[in-house]
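Structure first, commentary second.
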Amino acid sequence: MQTNPWLWIAFNAGVLSVLAIDLFGFQRKAHAPSTKEAAIWTAVWVALSLGFNALIWHWEGPAKALEFLTGYLVEYSLSIDNIFVFVLVFSYFVVPAAYQHRVLFWGILSTLILRGLMIGVGVALVSAFHWVLYLFGTFLVFMGIKMLFNRRKAVAASPLIRLVRRLLPVSDNYHGARFAVQRDGRWVLTPLAMALIMVEAADVLFAIDSIPAIFGITRDPFIVYTSNVCAILGLRSLYFLLAGIIHKFAYLKPALALILFFIGAKMLLVDVYHLPAAASLMVIGLILAVAVGLSLLTKRRRQAAAEPTTKAHHNSLPISILR
């Protein structure tokens with residue numbers, strides 16, 4: 001069924017309006033969002049996405065709404081992988097906390113354009129060649145296995161940095177929130193621009209995983225695009241909420257690997273058995289819930305194991321003082 005063109009126009013107009021409000025209303029002054037502010041914005045983006053899901057239910061029916069919700073959950077969970085890289089990039093370039101939101105805003109804005117182009121190509125390939133689904137499925141199974149045994153996806157930072165420095169003049173110092181400054185009559189990139197370039201490069205690499213994954217849920221271009229966009233929009237606030245604690249979720253990486261493997265296997269078996277979207281949503285949600293639960297349980301056990309040592313240390317202090 002062809003999606004009404006006005007839905008495409010309304011969705012993109014809504015996205016641009018929300019981004020404009022965010023940029024010119026709430027983020028006019030550069031600052032490092034607090035945990036409370038990041039939590040509020042994360043809740044806002046999730047609420048907006050679920051509200052849009054309700055509209056899809058009203059416009060397109062429950063089947064499409066379920067596809068959107070499943071696709072959104074997959075893309076949102078896979079986008080967590082980006083947070084690991086954002087932490088590395090900002091640490092490498094020593095980006096001041098007040099300017100990190102600016103890098104992520106413009107990075108995600110251009111990401112929306114790149115993702116739109118890549119999704120368009122993916123939809124065209126899947127529509128023209130059915131065997132592309134098998135190619136995507138095989139790739140996702142491979143990436144799932146690779147992620148399961150590799151601790152972190154490598155981002156080729158050094159070669160790209162060297163290439164940019166070879167082609168363009170780059171300053172060694174920050175100049176506020178500016179990406180480029182004029183020096184001796186020519187424009188020079190700042191380290192903030194280099195961080196933006198690396199964020200863009202990382203997203204291109206991660207899109208290679210996430211875009212084929214969504215085709216394992218639905219082949220409706222509107223659902224593929226909107227679920228991707230809604231997941232990406234919430235990524236900035238999610239970064240500021242989780243950047244300091246994400247390393248504590250030890251089982252999150254294996255969970256993402258299992259999700260990729262599951263979706264890849266689902267695509268490979270598409271002509272043998274059709275798994276309903278509701279079942280896919282339950283499996284993916286269960287994997288994430290178990291991963292978070294095990295991570296919290298492991299963290300609690302480690303803290304409990306460390307407490308006796310700490311108590312013993314404190315109890316020995318008075319004795320040592322008396323001696």
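Every residue, every condition in (1) within 20 Å of SER210 (Cα to Cα); (2) not in a helix (DSSP H, G or I), yes or no:
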{"site": "PHE262", "(1), (2)": "yes, no"}
{"site": "VAL270", "(1), (2)": "yes, yes"}
{"site": "ALA279", "(1), (2)": "yes, no"}
{"site": "VAL283", "(1), (2)": "yes, no"}
{"site": "VAL290", "(1), (2)": "no, no"}
Only one residue in PHE105, PHE86 is surrounded by fewer than 19 Cβ atoms within 10 Å (Cβ to Cβ), closer than 18 Å to LEU241 by Cβ, among the aromatic types (Phe, Trp, Tyr) and out of contact with any strand residue (DSSP E or B) (no Cβ under 8 Å at 6 or more places or on another chain). Which one?
-> PHE105
Out of the residues in segment 1-26 that are open to solvent by 90 Å² or more (accessible area, probe 1.4 Å) and outside any helix (DSSP H, G or I), state the one that is modelled with the highest pLDDT.
-> GLN2
Candidate set: segment 154-191, residues that are touching a helix residue (DSSP H, G or I) at 6+ places or on another chain (Cβ under 7 Å) and within 20 Å of ILE80 (Cα to Cα); chosen: the one modelled with the highest pLDDT | ALA157
Does at least one position in segment 122-138 carry a residue that is surrounded by fewer than 19 Cβ atoms within 10 Å (Cβ to Cβ), at pLDDT 85 or above and touching a Gly at 6+ places or on another chain (Cβ under 8 Å)?
-> yes
Residues in segment 142-163: is at least one open to solvent by less than 30 Å² (accessible area, probe 1.4 Å), touching a Phe, Trp or Tyr at 6+ places or on another chain (Cβ under 6 Å) and in a loop (DSSP other than H, G, I, E, B)?
-> no
Among what's in segment 27-77 and is open to solvent by less than 20 Å² (accessible area, probe 1.4 Å) and hydrophobic (A, V, I, L, M, F, W, C), pick the residue that is nearest to the chain's Cα centre (by Cα).
-> VAL74
Segment 182-206: number of residues that are among the small types (Gly, Ala, Ser), surrounded by fewer than 20 Cβ atoms within 10 Å (Cβ to Cβ) and touching a residue at least 40 places away in the same chain (Cβ under 8 Å) = 1
Looking only at segment 295-318, decide whether some residue is part of a helix (DSSP H, G or I), modelled with pLDDT under 85, open to solvent by 50 Å² or more (accessible area, probe 1.4 Å) and in contact with a Leu (Cβ under 9 Å, 6 or more places away or on another chain).
-> no
Being modelled with pLDDT of 85 or more and of a type in the set (D, E, K, R) is the filter here, so list the residues in segment 215-259 that pass it.
-> ARG219, ASP220
Can you tell me which residues in segment 252-292 are under 18 Å from TYR76 (Cβ atoms) and loosely packed, with under 12 Cβ neighbours inside 10 Å?
-> LEU286, ALA289
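The values are calculated or read from the model by the stated rules, or taken from the named source; none is laboratory data. Keep in mind that what you see is a predicted model, and the values were worked out from it rather than measured. Here the Cβ is made from the backbone with ideal geometry for all residues, glycine too, and neighbour counts use every protein chain on show. Please note that ligands, DNA and RNA were not included when accessible areas were found on the heavy atoms of the full protein model with its side chains. Shrake-Rupley method; radii C 1.70, N 1.55, O 1.52, S 1.80 Å.
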